[in-house]
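The values are calculated or read from the model by the stated rules, or taken from the named source; none is laboratory data. Because the structure is predicted, anything quoted here is derived from the model rather than measured. A quick note on method: Cβ atoms are made from the backbone with ideal geometry, for glycine too, and the neighbour counts reach across all protein chains shown.
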Amino acid sequence: MNIMIVGVGGQGTLLASRILGRVAIKEGYDVKVSEVHGMSQRGGSVVTYVKYGDEVYSPIIGKGEADIVLAFEILEAYRALPYLRKGGKMIANTQKINPMPVITGAMEYPADIEKKLAEKINLQAVDALSLAEQAGTIKAVNVVLIGLLAKSTSIDKSVWLEAIKETVPEKFIELNLKAFELGYNL
Amino acid sequence: MKKLMLGNEAVARGAYEAGVTVVSSYPGTPSTEITEHIVKYDNIFVEWAPNEKVACETALGASIAGARSMTCMKHVGLNVMADPVFTASYTGVNGGFVLCVADDQGMHSSQNEQDSRHYAKAAKIPMLEPSDSAECRDFTKAAYELSEKFDTPVFMRLSTRVSHSQSLVEEREKEDCKLKDYVKNPEKYVMTPGNAIKRHVVVEDRIKAITDFAEKTDLNSVEENGSKIGVIASGIAYMYAKEALGNRADYLKLGMIYPLPEKKITEFAGKYDKVYIIEELDPFIEEHCKALGVNVIGKDAFTLQGEYNPAMIKKAVLGEDAAEYDEAGEAVPVRPPVMCAGCPHRGVFYVLKKLGMTVSGDIGCYTLGSAPPLESVDTTICMGASVSAAHGMAKARGAEFNKKLVSVIGDSTFMHSGITGLVDIVYNKGNNTVIILDNSITGMTGHQDNPTTGYTIRKEPTKQVNLITLCKAIGVESVVVADPFDVKNFEKVVKEETEREAPSVIIAQRPCALLPPMRKKYSGHCEITDKCRKCKLCMKLGCPAISVSGDSVKIDVTQCNGCGLCTNVCPFGAIEQGD
Ligand SMILES: Cc1ncc(C[n+]2csc(CCOP(=O)(O)OP(=O)(O)O)c2C)c(N)n1
């Protein structure tokens, strides 16, 4: 299974990939999680890969190889399109964050990305930001999206809940479980 | 149970299990987390040194004194420590000494893409290269054995994809490792020419002995699948090859990439119709093979640049195309990294751009001041170069040019290698203005403490270098502290100091917006009121939270942290700090 998580530096994609990695170990798979640290964490495009199966060699996912793309922002979803395999599924947060070339006016934020994506691929677009707000903080976007992802896999819900409890700090567990449920039950 | 660990975390685990007791490093992506994970173990002295040279010498000293020691750095950090490294090869070690160097193929976070394997060969120091986290742990332990067995420092070469990928590792018990006796031994440790001449002989004999070891060690392993294609690879490139070719190739996996075996390679290569060398960056293994007269395919089929991937290997070796995929069919705007909302550096560059300054830049979050719309940085070379390069610029072009010239350098970078440049300016009658961007932390690499922050890596309070007294002691008489968010005053200070016919330092002081106290201090978000006249001056800040929508300006509340810099820039008082 190849899952690619994309977003904007600072959105909490690392936590999402760590929860997912933990879920995969619990299921007894070989796992590789490729993260990005450093420069791009400063508001740039960020990509993490989670791969699991009987044996995983390369930690990265190439074009046309992702079974699922989990996108934290809709322009990043669009950018990741070539990585989705034919017949794969994309789960995307509809939130828009302007990149600097759009802010400076050098480029335009493409219009109707959701519609364009839906014409080409199996897309589940969700306003995860509002759901996170419902859970109590916009910072929980990552766990709302993990909820949505969980629903798209055959892995038992209890495994996901356990992985969240083991990954997030004690005092945020309740909030994150709520965020997870909001995504999962959508 | 096996644990999912970053390669860096697994190196730390290996160091712990090997009984390391002294670790000195300077941060640098992708190596930083090794040291940050070692700190989690008790009874190991761990520190952030001011720079890599100091770190290396500290670790070498610990080794000479009998401890197992380690230093970790990114590839360019190895340039900074090259001086002690080359001579450490001559002295050899007492306790095992391992140097972990992380290359950055693809330059995810670096200013160049140098291949550190050349250092192993040049300094005649053996180098191991793991392919995943389990090997990171195993090879670290092997490196200590090698180091003590052959009386040599040992390199561990990592890369972004090994350092920053998590894979499964089984934890083992810590070895019982005792401090070795310290015995005074000037012939070995005092590298005067007379002694060094003799040590050079030792080094050459040692590398011969380790080459014999390379023929036999299971760090270098052969995997036969009955194929007609042979592949020689190491590190992450081996994993890419394995994924691309699976059982359709036979492999010679090199865990030790210097010194390389001769018989093993010749024998392996002799069995195949075609032998591919799959290695990112330079043709290091390839040139070795060709020197042995072994016929291999390397850079004729593969690039010298960037990262490899399984699809390109499949194409090059088997001629098979990659998977099909969809494309957007229109230009998707790039999303380069930006200074965060609330970044103190933004105020500095806003002013420097406004004043039309030539900016001799440096390395850190503030390198982002080179990107539009701030676009103020003229040069970025290596850590510390902002100060010394500006000195050279001023000497080349004279006083008038110097009045429009400043250096910008972060607090960590100033401690790393900016001080000596400033000494040069004062000593050699320069009149430069150096702006130290004091955001109270080493920002770019993810918030490490440094000598100016007042805390150690373990967050224990410690003596804090006072930048003002330090600069004064060097001989800079004019040292001014200014808040870069008070843009009016900051502009005035920059004008005054650049006019001055004497060297001067401006300490731009405001903590990084991501530090916990600042997260608390900034609250809510800024709002644009109906006093806005749409002059769009605030857009010049390049704040990720402010953008134009239609003909009006808008603040994205999910991005704004309420730092208030824009309220200081708006000439009409039309932006208010809300909550
Ligand atoms: C020789 C060398 N070592 C390490 C690095 C990695 N590195 C890049 S910037 C930086 C520190 C930046 O800290 P500071 O100067 O305080 O600026 P800030 O990022 O906080 O603005 C480091 C360690 C490097 N590029 N070169």
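Taking the listed residues A:Val23, A:Val31, A:Val8, the one that is under 13 Å from the mean Cα position of the chain (by Cα) and within 23 Å of A:Ala150 (Cβ to Cβ) is A:Val8, with no other qualifying. Is it the case that the stretch B:260-272 has a residue that's assigned to a strand (DSSP E or B), away from chain A (no Cβ under 14 Å), touching a residue at least 12 places away in the same chain (Cβ under 8 Å) and closer than 21 Å to B:Lys314 by Cβ? No, the stretch B:260-272 contains no residue that is assigned to a strand (DSSP E or B), away from chain A (no Cβ under 14 Å), touching a residue at least 12 places away in the same chain (Cβ under 8 Å) and closer than 21 Å to B:Lys314 by Cβ. Scanning the stretch B:322-365 for residues that are at the interface with chain A (Cβ under 10 Å from one of its Cβ atoms) and either assigned to a loop (DSSP other than H, G, I, E, B) or of a type in the set (S, T, N, Q) (or both) yields a total of 21.
To keep it simple, each residue is scored yes or no on (1) crowded, with 24+ Cβ neighbours inside 10 Å; (2) within 14 Å of chain A (Cβ to nearest Cβ); (3) away from the ligand (no atom under 11 Å from the Cβ); (4) not polar (S, T, N, Q).
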site: B:Gly66; (1), (2), (3), (4): no, no, yes, yes
site: B:Phe86; (1), (2), (3), (4): no, no, yes, yes
site: B:Thr91; (1), (2), (3), (4): yes, no, yes, no
site: B:Gly96; (1), (2), (3), (4): yes, no, yes, yes
site: B:Leu99; (1), (2), (3), (4): yes, no, yes, yes
site: B:Gly106; (1), (2), (3), (4): no, yes, yes, yes
site: B:Asp115; (1), (2), (3), (4): no, no, yes, yes
site: B:His118; (1), (2), (3), (4): no, no, yes, yes
site: B:Ile125; (1), (2), (3), (4): yes, no, yes, yes
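If the condition is being assigned to a helix (DSSP H, G or I) and either outside the structural domain of B:Tyr366 (by TED's automatic domain parsing) or within 15 Å of the ligand (Cβ to nearest atom) (or both), then the stretch B:390-425 contributes B:Asp411, B:Ser412, B:Thr413, B:Phe414, B:Met415, B:His416, B:Ser417, B:Gly418, B:Ile419, B:Thr420, B:Gly421, B:Leu422. Filtering the stretch B:236-244 for residues that are out of contact with any Gly (no Cβ under 8 Å at 6 or more places or on another chain), without any contact (Cβ under 8 Å) to a residue 12 or more places away in the chain and surrounded by 16 or more Cβ atoms within 10 Å (Cβ to Cβ) leaves a non-empty set. Looking at this structure, is B:Ser440 assigned by TED's automatic domain parsing to the domain that holds B:Gly361, in a strand (DSSP E or B), within 13 Å of the ligand (Cβ to nearest atom) and under 25 Å from B:Lys353 (Cβ atoms)? No, not satisfied. Can you name every residue in the stretch B:138-174 that is in a helix (DSSP H, G or I) and either within 21 Å of the chain's Cα centre (by Cα) or among the hydrophobic types (A, V, I, L, M, F, W, C) (or both)? Answer for the stretch B:138-174, where residues must be in a helix (DSSP H, G or I) and either within 21 Å of the chain's Cα centre (by Cα) or among the hydrophobic types (A, V, I, L, M, F, W, C) (or both): B:Phe139, B:Thr140, B:Ala142, B:Ala143, B:Leu146, B:Phe150, B:Thr160, B:Arg161, B:Val162, B:Ser163. Checking each residue in the stretch B:1-42 for being under 22 Å from B:Ala134 (Cβ atoms) and either of a type in the set (Ser, Thr, Tyr) or within 12 Å of the ligand (Cβ to nearest atom) (or both) picks out B:Tyr16, B:Pro30, B:Ser31, B:Thr32, B:Thr35, B:Tyr41.
Table: residues versus (1) outside the structural domain of B:Ala389 (by TED's automatic domain parsing); (2) over 30 Å from B:Ser523 (Cβ atoms).
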| site | (1), (2) |
| --- | --- |
| B:Ile313 | yes, yes |
| B:Glu324 | yes, yes |
| B:Glu327 | yes, yes |
| B:Glu330 | yes, yes |
| B:Met339 | yes, no |
| B:Leu352 | no, no |
| B:Leu355 | no, yes |
| B:Ile363 | no, yes |
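Considering B:Gly356, B:Gly329, the condition of being out of contact with any helix residue (DSSP H, G or I) (no Cβ under 9 Å at 6 or more places or on another chain) and more than 14 Å from the ligand (Cβ to nearest atom) is satisfied by B:Gly356 alone. Annotation note: Cβ proximity below 8 Å between a residue of the stretch A:94-119 that is farther than 12 Å from B:Ser547 by Cα and a residue that is of a type in the set (Lys, Arg) (sequence gap 6+ or interchain) occurs for A:Pro110/A:Lys116.
For the stretch A:151-186, the tally of residues that are closer than 20 Å to B:Leu4 by Cα and of a type in the set (A, V, I, L, M, F, W, C) stands at 7. Of the residues making up the stretch A:11-64, those that are more than 8 Å from chain B (Cβ to nearest Cβ), among the small types (Gly, Ala, Ser) and part of a loop (DSSP other than H, G, I, E, B) number 2. Any idea which residue in the stretch B:437-454 is farthest from B:Gly347 (Cα to Cα), counting only those that are more than 14 Å from chain A (Cβ to nearest Cβ) and polar (S, T, N, Q)? If we take residues in the stretch B:437-454 being more than 14 Å from chain A (Cβ to nearest Cβ) and polar (S, T, N, Q), then B:Asn450 is farthest from B:Gly347 (Cα to Cα). For the stretch B:43-62, the condition of being out of contact with any strand residue (DSSP E or B) (no Cβ under 9 Å at 6 or more places or on another chain), more than 16 Å from the ligand (Cβ to nearest atom) and more than 17 Å from B:Phe150 (Cβ to Cβ) holds for at least one residue. Just to be sure before I move on: is B:Leu514 within 14 Å of the ligand (Cβ to nearest atom), within 14 Å of chain A (Cβ to nearest Cβ) and closer than 23 Å to B:Gly347 by Cβ in the structure I sent? So B:Leu514 fits the description; yes. The criterion of at least 3 residues that are crowded, with 19+ Cβ neighbours inside 10 Å and of a type in the set (Gly, Ala, Ser) is met, among helices (runs of 4 or more DSSP H) falling completely within the stretch A:78-186, by A:128-135. A count restricted to the stretch B:1-41 and to residues that are touching a residue at least 40 places away in the same chain (Cβ under 8 Å), away from every other protein chain (no Cβ under 14 Å) and not aliphatic (A, V, I, L, M) stands at 9.
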